[in-house]
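S.K.: Structure in C-alpha cells, see below.
Where a number appears in this text, it was derived from the coordinates with a stated rule and is not lab data. Owing to the predicted nature of the structure, the values given are computational and were not obtained by experimental measurement. Cβ coordinates were reconstructed from backbone atoms using ideal geometry, including for glycine residues, and neighbour counts include every protein chain displayed.
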Amino acid sequence: MNRLREIRVVRRVSQFDLRLLTGINQSKLSMIENGLMPASEEEKKRIASAFGLPVSEIWFENEKKETGA
C-alpha cells in the first residue's frame, strides 16, 4: 500500500508531470498507484525524490516486505 496518489493529488502533480520528473512510464506510475504493480526500490527513490520526501512517507513498511525490499 502506498500514498502516492494522495500525495500527487494534494501537490497538484499529474501523472504526466511525475513521469517527466522521474523518467518512469506513465502507465507504470498508474499501475503502481493502483497497487497493480510494485515499484522497485530505485523507482521508489526516484518518486520520493521528485516530491522531496523520504521513501517511508510514501510507502508503508509492510509493502517493503511484500516486494522483497
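S.K.: Quick one, which of (1) 1.56; (2) 2.08; (3) 0.98 is the actual Cα Rg over 2.2 N^0.38 Å calculated for this model?
M.R.: Looking at Cα Rg over 2.2 N^0.38 Å for this model, the match is (3).
S.K.: Let me know the charge dipole size of the stretch 4-66 about its Cα centre in debye, to the nearest 20, where only the beta-carbon of Lys, Arg (+1) and Asp, Glu (-1) is charged.
M.R.: I would put it at about 220 debye.
S.K.: Pull up all non-local amide H partners of residue 37: gap of 5 or more, or a different chain, and H-to-H distance under 5 Å with H placed in the peptide plane.
M.R.: 32
S.K.: What's the ranking of 6-17, 44-55 by average number of surrounding C-beta atoms within 10 Å, highest first?
M.R.: So the peptides 6-17, 44-55, ranked by packing, come out 44-55, 6-17.
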